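Please read the structure below before turning to the comments.
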Amino acid sequence: MKKFFCVLLVLLCVGFVFTSQGCNFSKNSTSNRQLVGKQKAQAEDWLHSANLLYNVNDYNFALEYYKKVVKYYPGTKYSSEAQNRINEIKDTKIN
């Protein structure tokens, strides 16, 4: 019985380490994650909507869409582009 709990504890620890590493990888990766299907379409739609709003100087609504892209699709080219626009908007509002 004692051996069973030791094995279980080791498996839980190993699982935790792999889960933690997976999370860290996705947060630290820059534009490496590829989207397909509905996720790709959603990211493209939100980014397109945000860009349209940005182009007509509706920065508050554009920010909402850019932030969604960054939040839901981190580590993608869409997130990278959205974060660049967020930074531009912040710089515009400061000046």
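The values are calculated or read from the model by the stated rules, or taken from the named source; none is laboratory data. A quick note: this is a predicted structure, and the numbers were derived from the prediction, not measured. We place every Cβ from the backbone using ideal geometry, glycine too, and count neighbours over all the protein chains shown.
Quick notes on this one:
- Long-range neighbours under 9 Å by Cβ, at least six apart or interchain, first residue in the same structural domain as Ser80 (by TED's automatic domain parsing) within the stretch 43-64, second charged (D, E, K, R) and buried (at least 19 other Cβ atoms within 10 Å of the Cβ): Leu47/Arg85; Ala50/Arg85; Asn51/Arg85; Tyr54/Arg85; Ala62/Arg85; Leu63/Arg85
- Unmet criterion (only one of (1) surrounded by 13 or more Cβ atoms within 10 Å (Cβ to Cβ); (2) modelled with pLDDT under 85) for Asn32: (1)
- Of all residues in the stretch 78-95, none satisfies the criterion of being modelled with pLDDT under 95 and touching a Ser or Thr at 6+ places or on another chain (Cβ under 7 Å).
- Residue that is nearest to the chain's Cα centre (by Cα) [pool: residues in the stretch 29-77 that are of a type in the set (A, V, I, L, M, F, W, C) and outside any helix (DSSP H, G or I)]: Leu35
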